[in-house]
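These notes are about the structure you will find just below.
The values are calculated or read from the model by the stated rules, or taken from the named source; none is laboratory data. All of these numbers come straight from a predicted model, not from anything done at the bench. Quick reminder, even Gly has a Cβ in these numbers, built from the backbone with ideal geometry, and neighbours come from all protein chains shown. Each accessible area value is taken on the protein alone, full model and side chains, heavy atoms only, with ligands, DNA and RNA left out. Shrake-Rupley method; radii C 1.70, N 1.55, O 1.52, S 1.80 Å.
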Amino acid sequence: MTIAVVDYHKGNLKSVERGLAAAGGDVLVTDDAAAIARADAVVLPGVGAFADAAATMEALGQAGVVRARIAAGLHFLGICLGMHLMFEEGVEGAPDEDDESSTHNARGLAVLPGVVGAMPKQDEQGLSYKVPHVGWNTVRFPGERQGGEVDGSSPLFDGIPSGTYFYFTHGFIAPSGPFVIGETAHSVTFPSAVQYGDVAFGVQFHPEKSSDAGARLLRNFVSIVKGA
């Protein structure tokens, strides 16, 4: 079962490759759209700015292939920027970056609805927060916030309790919606994990840099792929 790690020419992907290999995956790092189309699963890592990454993926023919493969039921994991790219649009690197309602936002893969915007630098009480948000923070499941049972219902979080710490580094956040399976609080509460059907997952944090919890999440993803 080959897992293609998409190389869109924006950074070193070795840590993602090593993390997936350690989790039992047969990993291929590639920028070739045809190789991505042949893979059994796809991982889109998080390096660079939304607009630049989206443009490169379109130019290399990667974006159309990834969209088509997800639509066909291929398992997918987006990491950090890779999660952002699952959405319809993003303001990062766009001509009108400060205007989330702009018609000039960069276009994403449109697997999930909404616009990825800038993280606020203040909370509702006016307290300032450091942005970008860098460091360890907890991921909690939406049921806990709503007073329901603390249950990570997604197989991606199998064996990972609500409140587990993961490593973050980002200044932009995804919109909320029924697709959210994990949340984190900084200046605001934002989606830190999302899911599209039983096929595609996205995480705001970096599992490859998140010690034992991140390793468990990557093992879970590899298990999902192998069980398909």
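Helices in the chain, meaning DSSP H runs of at least 4 residues, each add -39500 (n - 2.57). Divided by all residues, the mean residue ellipticity at 222 nm is -7500 deg cm²/dmol.
Loop sites here are GluC sites (Glu not before Pro) outside DSSP states H, G, I, E and B with no more than 12 other Cβ atoms within 10 Å. The longest part of the chain free of them is 1-123. Residues ARG140, ARG67 ordered from highest to lowest accessible area at a 1.4 Å probe: ARG140, ARG67.
Of the residues GLY177, LEU112, PRO207, the one whose Cα sits farthest toward the positive end of the charge dipole of the chain, with +1 on the Cβ of Lys and Arg and -1 on the Cβ of Asp and Glu, is PRO207.
Summarising the label geometry, the points placed 7 Å from Cα in the beta-carbon direction at ALA215 and GLU58 lie 4.1 nm from one another.
Rg/Rh for the chain stands at 0.94; both radii use Cα atoms, and Rh follows the Kirkwood definition. If R0 equals 22 Å, the separation of the Cβ atoms of VAL134 and SER176 corresponds to a calculated FRET efficiency of about 0.50. Look at the dipole of the chain built from charges on Cβ: of VAL91, VAL65, SER187, the Cα furthest out on the positive end belongs to VAL65.
Its Cα centre serving as origin, the chain has a Cβ charge dipole (Lys and Arg +1, Asp and Glu -1) of approximately 620 debye.
Largest accessible area first, the residues ASP32, ASP26, ASP212 order themselves as ASP212, ASP26, ASP32 under a 1.4 Å probe with ligands, DNA and RNA left out. Simple point charges give the picture: +1 on the Cβ of Lys and Arg, -1 on the Cβ of Asp and Glu, and for the stretch 115-228 a dipole about the Cα centre of about 320 debye.
Per residue, the average separation of C-alpha pairs within less than 8 Å and at least 6 apart gives the chain a relative contact order of 20 percent.
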